[in-house]
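Read the structure below first, then the notes.
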Amino acid sequence: MKREPIVLEQTLKFEVDQHDLPEAMTWKEAKQTFADLGDGWRLPTKDELNLMYINRVAIGGFANYYYWSSTEFNNFSAWGQHFENGQQDDCSKDCAYLNVRVVRDIN
């Protein structure tokens, strides 16, 4: 199945994969997964994740649950965003139940 990314362009310009990664994972597992995916795919920043939430209907396919961002809150936590209500919270990097949607910069 060919994956066609959706381009979001406002103050931030990046493309979003149309599908979540197949399973929820810890923040550290998510960071390793991007290294394995290659092609510039990465976790979205906190601001990019919020832009994705704002445009979630146009992008489609999001679960009504938390997603990881790459933005660290501190050494033990990173920001996540709930896609049912838009709430952003710090989540322990060891929590294994957050979803992941990858993004990459547009050159």
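The values are calculated or read from the model by the stated rules, or taken from the named source; none is laboratory data. No experiment lies behind these values; they were computed from the predicted model shown. We place every Cβ from the backbone using ideal geometry, glycine too, and count neighbours over all the protein chains shown.
The figures follow:
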| quantity | calculated |
| --- | --- |
| Counted residues, segment 12-33 - those being touching a Ser or Thr at 6+ places or on another chain (Cβ under 9 Å) and either assigned to a helix (DSSP H, G or I) or within 15 Å of C91 (Cβ to Cβ) (or both) | 5 |
| Inter-residue pairs, beta-carbon under 7 Å, first assigned to a helix (DSSP H, G or I) and in segment 34-63, second among the charged types (D, E, K, R) and buried (at least 17 other Cβ atoms within 10 Å of the Cβ), 6+ apart | F34/R42; M52/R101 |
| Considering residues of segment 1-22 that are farther than 23 Å from F73 by Cα, surrounded by fewer than 18 Cβ atoms within 10 Å (Cβ to Cβ) and in contact with a helix residue (DSSP H, G or I) (Cβ under 9 Å, 6 or more places away or on another chain) only, the residue modelled with the lowest pLDDT | Q10 |
| Enumeration of residues in segment 64-107 that are outside any strand (DSSP E or B) and free of Cβ contacts under 8 Å to residues at least 24 places away in the same chain | N64, F73, N74, N75, F76, E84, N85, Q87, N107 |
| Tally of residues being in contact with a Leu (Cβ under 9 Å, 6 or more places away or on another chain) and either exposed (fewer than 12 other Cβ atoms within 10 Å of the Cβ) or closer than 18 Å to T33 by Cβ (or both) across segment 80-103 | 7 |
| Any hit, segment 65-72, residues being surrounded by 18 or more Cβ atoms within 10 Å (Cβ to Cβ), under 13 Å from F14 (Cα atoms) and either basic (K, R) or touching a strand residue (DSSP E or B) at 6+ places or on another chain (Cβ under 7 Å) (or both) | no |
